[in-house]
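Notes follow the structure.
Any read-out appearing in this document is the output of simple, stated calculations on the displayed coordinates, not a laboratory observation. Since the model is a prediction, treat every value here as computed from it, not as a measurement. Positions of Cβ are backbone-derived with ideal geometry, glycine not excepted, and every protein chain shown enters the neighbour counts.
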Amino acid sequence: TKSTARTTVNDDLFDNETISNRLQDMPDFERRFSQVNTMLDQTRSETDDLHRTIAGKDAELMQERNHRLRIEEQLRQQLSNQKSIEEIHALDNKTNSNEKFDKLLETYNQLREEHFVVLRRENESKKELTDFNQQFTKLKEDSTKKENEFNQNYEKLNNEIFQLRQTNDELQDRIQILTTERNDFQSITIKTNERIREIEHAKQSFEERLKELESDKSRLHSDKFTFEQKLKEAEGERSDLFHQNREQEENLIDLIHEREVLEQKVIDLEETIREWAQKFIDISDRQKLMQANHENLLKNLKRQYKCKVY
């Protein structure tokens, strides 16, 4: 399995270089993706700001319209009220009517000027609204264009990211295989180092033992020389002992012969001794018999003597 993995890694070296180059391009893709996201966020923010601005301008325009309508209504009411007042007080206060008319005219002119101001502001607001609408349309077109570009780039980047993820998964698998091989190599290296230390220790022990054997060899050479000297001396002594042994064997043969002669003599002496012993026994028996006869004779002589005395 380890050799197969190593062969696969060696065969896929070119693919690894290609994958490495693509991995180096990853920061560029991520940077481009981040830039597109930033541009899209800016466009959306600008669009939101534009929407808020348009809404604000619409609110201001409505306020201006309402204000203008209120002023016109107030003018109409004032004019109607003034006409009613003039009709009521026409007869009673003709002298003051001109002054009141002047004041009302002045008020009307002021309201008219304010109305013109409101109209100008309304026109300006409409113009600004038109400009804002044009800007909004342009921004919307730009946003749509950028969004389309972003979608295209996003899809492209998604495909590239998917491919890179697949490549990353393959690399992770290969890294796992290489990590396993590295751990195995480390374990083998540790065992090899331990074995090397054991071999070095054994080598040191062997060298020490070799020194001891060299010393023993020198001592054995010395002992061998001494033994050879002693062996030569022993050979000389053995030769002397051999001659002495021959002489002793010859002497032993003579002694054996003499022993045989002596044994024969001993046998003869034993036979002579047995004969003499038998003779001694016979003599002893004869002596005992003679003694018994002598005692009997003495007893007879004593009886005869006693008889003679009585």
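Computed values, structure above
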{"quantity": "Principal semi-axes in Å for region 144-269 [√(5λ), Cα gyration tensor, largest first]", "calculated": "107, 20, 9"}
{"quantity": "Two-site FRET efficiency, Thr179 against Gln152, from Cβ-Cβ distance with R₀ of 35 Å, rounded to 0.05", "calculated": "0.35"}
{"quantity": "Which of Lys146, Lys232 has the fewest Cβ neighbours within 10 Å, and the rest in rising order", "calculated": "Lys232, Lys146"}
{"quantity": "Residue among Leu220, His243, Leu262 farthest towards the positive dipole end of region 219-268, charges placed on Cβ", "calculated": "Leu220"}
{"quantity": "Label-point separation, Ile190 to Met290 (7 Å along Cα→Cβ), nm", "calculated": "12.3 nm"}
{"quantity": "Estimated FRET transfer efficiency when R0 is 22 angstrom, pair Leu231-Lys211 (beta carbons, to 0.05)", "calculated": "0.15"}
{"quantity": "Separation in nanometres of the label points that stand 7 Å from Cα toward Cβ, at Asp169 and Lys145", "calculated": "3.9 nm"}
